[in-house]
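> Let me give you the structure first, and then I'll get to my questions.
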Amino acid sequence: MASFSTTLYNTVFKRNSVYVSTIFAGAFAFNMAFDVGIERFWSHWNQGKLWKDIRHKYVEAEDAE
């Protein structure tokens, strides 16, 4: 376990610029994953009630003109 902690310290925590960059990259990745996950959950939970699902009932086809 000591080798893992040493390797982690030397690669991430030793230099402040790498540490801050790792935090920003992790926050960005978490933000993207969270947004995609919530969007999929919302679409699944509200399936049949969203505009993309009921649009055909209210909008006439443009080819009818």
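Every read-out reported here was derived from the displayed coordinates using simple, explicitly stated rules and does not represent laboratory data. The shown structure was predicted, so the numbers you read here are calculated from the model rather than taken from an experiment. Positions of Cβ are backbone-derived with ideal geometry, glycine not excepted, and every protein chain shown enters the neighbour counts.
> Using DSSP to call loops (not H, G, I, E or B), can you name the GluC sites (Glu not before Pro) in the range 19-64 whose Cβ has at most 10 other Cβ atoms within 10 angstrom?
60
> Using the C-alpha gyration tensor of the range 2-57, what are the square roots of 5 times its eigenvalues, in whole angstrom, with the largest one first?
Details: eigenvalues 381, 26, 5 Å².
Working through the eigenvalues yields semi-axes of 44, 11, 5 Å.
> Compute the longest continuous run of the chain that contains no exposed trypsin sites (Lys or Arg not before Pro); treat a site as exposed when its DSSP state is not H, G, I, E or B and it has at most 14 other Cβ atoms within 10 Å.
Working: sites that count: 14, 15, 49.
In the chain, the maximal stretch lacking such sites is 16-48.
> Now for a different question. List, in order, the whole-Hz ³J(HN,Hα) value for each residue of the range 41-50 obtained from phi through the Karplus relation with A = 6.51, B = -1.76, C = 1.60 and θ = phi - 60°; use x for Gly and Pro.
4, 4, 5, 5, 5, 10, 4, x, 10, 7
> Just from its helices, what would the mean residue ellipticity at 222 nm be for the chain, if runs of 4 or more DSSP H residues each count -39500 (n - 2.57) and the sum is divided by every residue, rounded to the nearest 500 deg cm²/dmol?
-22500 deg cm²/dmol
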